[in-house]
1. Which numbered condition in (1) at pLDDT below 90; (2) farther than 29 Å from residue 155 by Cβ is the only one that residue 59 fails?
2. Taking residue 64, is it more than 20 Å from residue 167 (Cα to Cα) and at pLDDT 85 or above?
3. Applying the selection to the range 162-202, what residues are loosely packed, with under 12 Cβ neighbours inside 10 Å, out of contact with any helix residue (DSSP H, G or I) (no Cβ under 7 Å at 6 or more places or on another chain) and not in a helix (DSSP H, G or I)?
4. I need the full set of residues from the range 78-95 which are part of a helix (DSSP H, G or I) and buried (at least 17 other Cβ atoms within 10 Å of the Cβ), in order please.
5. Filter the range 143-161 down to the residues that are buried (at least 17 other Cβ atoms within 10 Å of the Cβ), in contact with a helix residue (DSSP H, G or I) (Cβ under 7 Å, 6 or more places away or on another chain) and at pLDDT below 80, then identify the one that is nearest to residue 198 (Cα to Cα).
6. Could you go through the range 110-124 and let me know if any residue there is at pLDDT 80 or above, surrounded by 15 or more Cβ atoms within 10 Å (Cβ to Cβ) and in the same structural domain as residue 66 (by TED's automatic domain parsing).
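The values are calculated or read from the model by the stated rules, or taken from the named source; none is laboratory data. Just so you know, these numbers come straight off a predicted model, no measurement behind them. Every residue, glycine as well, gets a Cβ built from its backbone with ideal geometry; the counts of neighbours run over all protein chains shown.
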């Protein structure tokens, strides 16, 4: 562990035990230390971090969504993004602003997706029900196959595909969130698409 991280741990250990009221500054310092420990492979610190930030993320999500289901889905989106890019976090910088940036982008992404979905919605008559059900089943099956193939990609390629293709982020947005350069994202996406085609063909899937 670096000397800087060790100094931060000493700060935490020197605080009075049992204090229930912490300033925002102390809270951010605690989260920063927990994230630094998690990057060093401390699973317990990572679990504690996730438990502590979840109520905070929920308080951010309710600013964007009224439906409790949308709020919880947004929290899960944020946590999944945090997990996928946790190694890109710089522990020398405050954790909370980095987390808030992710949270705001994920909440806005969900609003944007909902807007696109509402724009394409139209009522179906009864004769369309059987066809719609069949199409939905095929679409769900294809998505399961695709998600399985994506999970077999190297982490950088998974990240690029998730951000640029599944979440439909721009290259600039993805670069800002991931810490990768635009060139690196393009290369990772190109390789990911090539590998996905090979994986799906090897599995005999279209």
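1. (1)
2. Judged against the criteria, residue 64 is not a match.
3. Once the filter is applied, which keeps residues that are loosely packed, with under 12 Cβ neighbours inside 10 Å, out of contact with any helix residue (DSSP H, G or I) (no Cβ under 7 Å at 6 or more places or on another chain) and not in a helix (DSSP H, G or I), the range 162-202 yields only 170.
4. Residues satisfying the conditions are 78, 79, 81, 82, 85, 95.
5. Checked the range 143-161; the qualifying residue nearest to residue 198 (Cα to Cα) is 149.
6. yes
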